[in-house]
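Participant: Have a look at this one.
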Amino acid sequence: MQLSGRDGFGRALLELGETNEKVVALCADLAESIRVHYFAEKYPQRYFQIGIAEQDLIGTAAGLALTGFIPFATTYAVFAAQRANEQIRLAACYNNANVKIAVSHGGLTCGEDGASHQALEDIASMRVMPNMTVIVPADAEEAYEATKAAAEVYGPVYLRLGRTPVPVHTQGFGSFEIGKARKLRDGSDVTLIAAGVMVDKAIQASELLAQEGIKASVINMHTIKPIDTDTIIREAQTTGCIVTAEEHSIIGGLGGAVAEVLSENIPVPLVRVGTKDTFGESGEPEALLTKYGLAASDIVAAARKAISMKKS
Amino acid sequence: MKSINEIKEISTRIKRDVIQLTSHNTGHPGGAIGAADIIAELYFSRMNHDPKNPDKEDRDRFVLSNGHICAALYSALARSGYFPIEELKTLRKINSRLQGHPSRKDLPGVETSSGPLGQGLSIANGMVLGNRLKNINAKVYCFVGDGEIQEGQIWEAVMTAGHYKLHELCLIISWNDIQIDGRVKDVMNIEPIADKFKAFGWNTLEIDGHNLHQIRAAFDLFEQFDNAPTVIIARTVIGKGVSYMEHKPVWHGKAPSLEEAEVALQEIGPSSFGEDLVF
């Protein structure tokens, strides 16, 4: 059975409840959806329901952090990163409070709920915050590891979890480390750098490209900030061109972060796969990824384009 | 506990500091002067805190939500011994720990960064919940301006504090009926204040925020409540004691000239607590 990022998060948080008495959790009326209900049932005294009040959610979490706890504040991506943006900025980041913001429904694959609930701008708005760490796990197993790692590191962390079950690709590639990308496939012609559910698409794309005789390296860039500069530079040296793939606007997210590293260090062709300055809409997750240019075939096309730019 | 007369001298010192600091360094004098009486009582008679050990785990905490009146907080912190009094003169200057709005990571004694209005009460709630988990029976005081309660987040936090019956929490509203664009009741009416809080399950106390006996009595009552959070609605006067500042919105964020400061210091009068800053 395939699981989603939020499933891995829920399992990790439950274990953290046992192993780390400083870990507490807060929710804004989405306990089961974000999978915090396992923790809530077992550790009711360390769980705080805040109701439909996301600004208060973040502020209350910051207050708990300032008394020495490690709060996981949970809701959907749009309601945290965007509605409570200024609370995250002041109460979490400016205070450098030890607040973990764990969100579900990042990206198009929240599906039928439609554009209002599909966060396609959250990574950009979180990445720009001083002191913030931004993690976008690829699958349930990596979400589990990332949750554990977030509790270990001091300071605000934005943990963006997917709603939709996806295959696990991340295991067997070394231990999870914040800020250190995982290389999933070796290749010499092009590097596909992906995050979140797009890691699965990048793997698929690499297999399609192999049928054309194109060897694609695949990097799982689970940490968007701090971005793994060394890996990006090494890949640019090895393959000479890059494709990024993310379930987010091509403005300001993973593609933006990689573009910044490349242009200041080793300018090579870059093609960004993501939403093109647009909102999403209702639909099945796979159909949406296809309609908005985030299918494996779109990554394949982007790879061909990047390679052609390299040659010209 | 210090006598009322001693608190009066300390409050006068805080007001003198605010006038001296804002006239030399810019800033927000009116609300800071209006808060001096309450802040003096909290820091010098009421709160369990230790300037030599600012992170003392069982301390009472003061959350200044309307961070712009930080000149009064900085004065209270320096005069308590959190940092050298001389350092007050760096307020709002480059490389200073005394930012234009409080920065927790920079200055000992600042419980949270603040400034953007409406955020402090949520943070104070979280502190109470954290103290409870640690079985620490400490008080958390949160100070807001009256215009600030126009912020929606305040009412989210008022609901949360009522829901969790945070009796360790004391919210102080400085009700001077002044905000930047005019009288609060004209800009966006917040009244009736007490009825709103009662509806959310709070204990409400209404006092003259410049009457030190009433301030002390209100905090005494708060400490006895064990069923619900408490709001002290304190009638205050912006620029209290400085005739040209009282009731004038312009003195929210305008610093007095050095000449105006001389007049203000005359009207506020001398303090037997500590010395004037020398610029």
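A short reminder: the numbers here are calculations on the coordinates, not readings from a lab. Values in this document were obtained by computation on a predicted structure and should not be read as measured data. Positions of Cβ are generated from backbone atoms using ideal geometry, with glycine treated the same way; all protein chains shown enter the neighbour counts.
Participant: Do the alpha carbons of any pairs in A:LYS42/B:LYS165; B:LYS8/B:LYS89; B:LYS15/B:LYS198; B:LYS139/B:LYS248; B:LYS2/B:LYS52 sit beyond 25 Å of each other, and which pairs?
Facilitator: Table pairs above 25 Å Cα-Cα are B:LYS15/B:LYS198; B:LYS139/B:LYS248.
Participant: How many Cβ atoms of partner chains, on average, are near each residue of A:85-92 if near means within 10 Å of its Cβ?
Facilitator: Details: counts 0, 4, 6, 0, 2, 10, 10, 0.
So the per-residue partner count for this stretch is 4.
Participant: What is the distance, in nm, between label points placed 7 Å from the Cα along the Cα-to-Cβ direction at A:GLN45 and at B:LYS248?
Facilitator: 5.6 nm
Participant: Go through segment B:116-132 residue by residue and turn each phi into a ³J(HN,Hα) via Karplus (6.51, -1.76, 1.60, θ = phi - 60°); whole Hz please, and just put x for glycine and proline.
Facilitator: Running phi through 6.51 cos²θ - 1.76 cosθ + 1.60 with θ = phi - 60° gives x, 5, x, 9, x, 5, 4, 5, 4, 4, x, 5, 5, 4, x, 4, 4 Hz.
Participant: Using label points projected 7 Å from each Cα along Cα→Cβ, tell me how many nm separate A:LEU208 and A:LYS310, to one decimal.
Facilitator: Label-label distance for A:LEU208 and A:LYS310, simple model: 1.9 nm.
Participant: If you don't mind, there's one more thing I want to ask. Helix B:258-268 versus the longest principal axis of chain B: what angle, 0 to 90°, nearest 10, using Cα atoms?
Facilitator: Approximately 60 degrees, to the nearest 10.
Participant: Still on this structure, please answer the following. Can you give the FRET efficiency to the nearest 0.05 for A:VAL153 and B:GLU206, using r as the Cβ-Cβ distance and R₀ = 41 Å?
Facilitator: Step by step, r from the Cβ atoms, then E = 0.30.
Participant: Give the peptides A:60-73, B:220-233 in descending order of average Cβ contacts within 10 Å, highest first.
Facilitator: Details: A:60-73: 27.9, B:220-233: 18.4.
Averaged packing, sorted descending, gives the order A:60-73, B:220-233.
Participant: Same structure, new question: Just to confirm the filter: which GluC sites (Glu not before Pro) across segment A:1-84 are DSSP coil and have at most 12 other Cβ within 10 angstrom of their Cβ?
Facilitator: A:GLU32
Participant: Next question. How do B:PHE200, A:PHE48 rank when sorted from fewest to most other Cβ atoms within 10 Å of their own Cβ?
Facilitator: Ordered from fewest to most neighbouring Cβ atoms within 10 Å, B:PHE200, A:PHE48 come out as B:PHE200, A:PHE48.
Participant: Please give the average number of partner chain Cβ atoms lying within 10 Å of the Cβ of each residue in A:23-30, rounded to a whole number. Provide the component values of the computation, followed by the final result.
Facilitator: On the way: counts 0, 4, 0, 2, 0, 1, 0, 0.
The shielding value for this peptide is 1.
Participant: Let me ask something additional. Compute the signed sum of charges (Lys and Arg +1, Asp and Glu -1) over the other residues within less than 9 Å, Cβ to Cβ, of A:ALA140. Let's see the in-between values first.
Facilitator: On the way: positive: A:ARG6, A:ARG11; negative: A:ASP7, A:ASP139, A:GLU141, A:GLU142.
Cβ neighbours under 9 Å give a net charge of -2.
Participant: Counting Lys and Arg as +1 and Asp and Glu as -1, what is the net charge of the other residues whose Cβ lies under 11 Å from the Cβ of A:GLU21?
Facilitator: +2
Participant: Just to confirm my numbers, what's the Cα centroid distance between segment B:119-190 and segment A:122-180 in Å?
Facilitator: 34 Å
Participant: How many Cβ atoms of partner chains, on average, are near each residue of B:157-163 if near means within 10 Å of its Cβ?
Facilitator: On the way: counts 7, 1, 4, 9, 2, 0, 4.
Per residue, the average neighbour count from other chains is 4.
Participant: Given axes a ≥ b ≥ c from the Cα gyration tensor, I'd like to know whether segment B:57-196 is rounded (a/c under 1.5), prolate (a/b larger than b/c) or oblate.
Facilitator: It is oblate, given that a/c is not under 1.5 and a/b is not larger than b/c.
Participant: In addition: Taking the Cα-to-Cβ direction at A:SER175 and at B:MET188 and moving 7 Å from each Cα, how far apart do the two end points lie in nm?
Facilitator: For A:SER175 paired with B:MET188, the spin-label model returns 5.0 nm.
Participant: What is the sum of charges, Lys and Arg at +1 and Asp and Glu at -1, for the other residues whose Cβ falls under 11 Å from the Cβ of B:GLY81?
Facilitator: Net charge around B:GLY81: +1.
Participant: Pop out the ³J(HN,Hα) list for segment A:68-74 in order, Karplus 6.51 cos²θ - 1.76 cosθ + 1.60 with θ = phi - 60°, rounded to Hz; leave Gly and Pro as x.
Facilitator: Result, ordered by residue: x, 8, 10, x, 9, 8, 10 Hz.
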